[in-house]
């Protein structure tokens, strides 16, 4: 898998990462989602479900009206509905539907009024054309409340990948 393929495959697992990320503010021994993260958890689960099912309208629905998606390298920046659409259409092509799994090693986040943030580092296992792929993945998000509902304002993902298959 080359770097570009790894980047596109990497984004396929940030949704899985985010499904567990809100527990970041909880002590390691606790499995409960803190109250202040509950709505974010629901938002990220909606993103995860839509992403896994290649449901573009569902994915776009979780983004704020002014938002950005950032990748690892130069030029990997998408904002606005048109650019996010193109990015996600490509991401959907880069992984087998329903085949991504993320195990977090480190999680942290905070909610302050109408803004929140989350950062997660972990390892990803995915499939493309039935073949296994694995790599580390970091994800950071900023959230805003828009019309009383949480939305993703900024999502940044990065992964280290080699050009080895």
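Is it true that some residue in the stretch 137-157 is touching a strand residue (DSSP E or B) at 6+ places or on another chain (Cβ under 7 Å), farther than 19 Å from residue 42 by Cα, surrounded by 13 or more Cβ atoms within 10 Å (Cβ to Cβ) and free of Cβ contacts under 8 Å to residues at least 12 places away in the same chain? No, the stretch 137-157 contains no residue that is touching a strand residue (DSSP E or B) at 6+ places or on another chain (Cβ under 7 Å), farther than 19 Å from residue 42 by Cα, surrounded by 13 or more Cβ atoms within 10 Å (Cβ to Cβ) and free of Cβ contacts under 8 Å to residues at least 12 places away in the same chain. Scanning the stretch 90-114 for residues that are closer than 17 Å to residue 56 by Cα, at pLDDT below 85 and surrounded by fewer than 16 Cβ atoms within 10 Å (Cβ to Cβ) yields 96, 98. Since residue 96 meets every condition but one in (1) assigned to a loop (DSSP other than H, G, I, E, B); (2) touching a residue at least 40 places away in the same chain (Cβ under 8 Å); (3) within 17 Å of residue 48 (Cα to Cα), which condition does it not meet? Answer for residue 96: the failing condition is (2).
Being surrounded by 13 or more Cβ atoms within 10 Å (Cβ to Cβ) and in a helix (DSSP H, G or I) is not true of residue 124.
Can you pull out every residue in the stretch 122-136 that is touching a strand residue (DSSP E or B) at 6+ places or on another chain (Cβ under 6 Å) and farther than 18 Å from residue 48 by Cβ? Even if it seems obvious, please write down each step before you answer.
First, pick out the residues of the stretch 122-136 that are touching a strand residue (DSSP E or B) at 6+ places or on another chain (Cβ under 6 Å): 122-126, 133-136.
Answer for the stretch 122-136, where residues must be touching a strand residue (DSSP E or B) at 6+ places or on another chain (Cβ under 6 Å) and farther than 18 Å from residue 48 by Cβ: 133, 134, 135, 136.
The numbered conditions (1) farther than 17 Å from residue 134 by Cα; (2) outside any strand (DSSP E or B); (3) more than 15 Å from the chain's Cα centre (by Cα) are all true for residue 43 except (3).
The values are calculated or read from the model by the stated rules, or taken from the named source; none is laboratory data. None of these values were measured; they are calculated from a predicted model. Glycine also receives a Cβ, built like all others from the backbone with ideal geometry; neighbour counts cover every protein chain displayed.
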